[in-house]
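Here the structure is laid out as structure tokens; the discussion comes afterwards.
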Amino acid sequence: MAKVLIGVVTYGKQRYCLDEFVDAVKKQTAQADVLFIVNNGESAYATLLRSLNLKSVEDPLPAQTRIDKIVNGRKYLRKYALDNGYDYLFLVDSDVMLPPNALEVLLQTKGDVIAGVYLKAFELGGKTVIAPYVFRDLGKGNAQLYTYEGIAAPRVMDIGAAGFGCALISRKVLDKIDIKTMGTNQVGAEAVAFFVDARENGFKCV
């Protein structure tokens, strides 16, 4: 049986959906440990999580920007997973509600980096568009966001990149690929950079 760590980068403003999120995590049909990492300076929220019997740490590294806080947290989880012998790190955003079989289904794909599909609001051409956080690789450094209709049918498919809100990463990928930004403060850039690096190193992203 694979040893899996569900890693959650979170902060106090996500308290509004904490009960629903924890309920969804506890209902997973595949066994996993869970670790919350709270932004530096939010000791009170980390204490609240621990009072609910949730394993939680405060990020030891300070950060000024939102993207730096997120990257710091994800780096911490990567190192924790490697240092503690986990086979997979399952990154989940604290406002993404997992169906009960989410982890089980992702494990069954046998991929190296496996993204579960979830929806996000994107600003495209001055309009807000709700779309899956998954990109098709068009080659030569170009990518295209999938439409809902283009990815709605349940299946396993190769992808160019995706968000980290529901992403299962194998240990062999964690060993080789670090988490970084792409020279931009845009949230989500660290996920795209990771997928690009993984594919360039021959890992299968689905």
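The values are calculated or read from the model by the stated rules, or taken from the named source; none is laboratory data. As the structure is a prediction and not an experimental result, all values here were calculated from the model. Backbone-built Cβ (ideal geometry, glycine too); neighbour counts: all protein chains shown. For accessibility, only protein heavy atoms count, side chains too; no ligands or nucleic acids. Shrake-Rupley method; radii C 1.70, N 1.55, O 1.52, S 1.80 Å.
Per q in 0.19, 0.23 1/Å, what log10 I(q)/I(0) does a Debye calculation on the alpha-carbon atoms of region 2-106 return? Per q value, in the given order, log10 I(q)/I(0) is -0.95, -1.34. Between the helical axis of 189-200 and the longest alpha-carbon principal axis of the chain there is an angle of about 60 degrees.
The 3J(HN,Hα) values that the Karplus relation (6.51, -1.76, 1.60; θ = phi - 60°) gives for region 37-45 are, in residue order, 10, 9, 3, 3, x, 10, 4, 5, 6 Hz. Gly and Pro appear as x. I'd like the carbon and sulfur percentage of the solvent accessible area for region 1-128, probe radius 1.4 Å, heavy atoms only, ligands and nucleic acids excluded. Accessible surface attributable to carbon and sulfur in region 1-128 totals 51 percent.
Over the chain, accessible surface divided per residue gives 52 Å², non-protein components excluded, 1.4 Å probe. Each residue of region 145-158 was assigned a 3J(HN,Hα) from its phi angle through the Karplus expression (A = 6.51, B = -1.76, C = 1.60, θ = phi - 60°), giving 6, 5, 7, 4, 5, x, 9, 5, 5, x, 5, 9, 9, 5 Hz with x at Gly and Pro.
The mean sequence separation of alpha-carbon pairs under 8 Å and at least six residues apart, normalised by the residue count of region 1-119, gives a relative contact order of 38 percent. Under 5 Å between amide hydrogens, built in the peptide plane, is the criterion, and for Glu58 it picks out Val38 among residues at least 5 positions away or on other chains. Between Ile159 and Cys205, Val206, the built amide H atoms are under 5 Å apart, and every one of these is 5 or more places off in sequence or on another chain. For Lys120, the shell of other residues with beta-carbons less than 12 Å away shows a net charge of -3, using +1 for Lys and Arg and -1 for Asp and Glu.
Using bins of 5 Å that start at zero, the share of Cα-Cα pairs per bin across the chain amounts to 1, 7, 15, 20, 22, 18, 11, 5, 1, 0, in whole %. With the charge dipole of the chain set up from +1 on Lys and Arg Cβ and -1 on Asp and Glu Cβ about the Cα centre, the Cα lying farthest toward the positive end among the listed residues Leu145, Thr109, Leu35 is that of Thr109.
If one takes the longest principal axis of the Cα atoms in the chain, at what angle in degrees, from 0 to 90 and to the nearest 10, does the Cα axis of helix 66-83 lie? Once rounded, the angle reads 80 degrees.
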